[in-house]
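The values are calculated or read from the model by the stated rules, or taken from the named source; none is laboratory data. As the structure is a computational prediction, the values presented were derived from the model and not from experiment. Cβ sites come from the backbone with ideal geometry, for glycine too, and all protein chains shown count toward neighbours. Accessible surface is based on the protein model in full, side chains and every heavy atom, while ligands, DNA and RNA are left aside. Shrake-Rupley method; radii C 1.70, N 1.55, O 1.52, S 1.80 Å.
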Amino acid sequence: MRAVLFSELGNEIADRGWVRFPAYEPEDRRRLLDVAHRLSAHWGQQVFVEAEDRCRMRLHLAGYGTQPASPNSH
């Protein structure tokens, strides 16, 4: 499973700089963290991981992360 995620998510991140993937269980989140660490080692640049909500994780390269809200946006 990790090898498939490494390939599929890695290709998506390489194409657009980020990917969103479901993570319903703690094991799913651990698996995605492991894949991000393996991709970081493979590419020589950090792949960041963020929880978007309780069921989704976002893996991304620097510059493709969640942008903080503007102080003027309500």
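Express the carbon and sulfur contribution to the solvent-accessible surface of the stretch 1-42 as a percent, rounded to the nearest whole number, probe 1.4 angstrom. Can you show the working numbers first?
On the way: 1340 of 2620 Å².
The computed percentage sits at 51.
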Just the accessible area per residue of the chain, please: how many Å² with a 1.4 Å probe? 69
With Cα extents along the principal axes in Å in mind, check (i) 35, 20, 19; (ii) 43, 28, 16; (iii) 44, 29, 27 and report the label derived from this structure. (ii)
Let's see if you can work this out: charge +1 on each Lys and Arg Cβ, -1 on each Asp and Glu Cβ, no other charges. What is the dipole magnitude of the chain about its Cα centre, in debye to the nearest 20? 80
Top of GLU50, GLU25, GLU12 by mean-square fluctuation, Gaussian network on the chain, Cα under 10 Å: GLU25
Picking from ARG30, ARG38, ARG58, which is most flexible by a Gaussian network model of the chain using Cα springs under 10 Å? ARG30
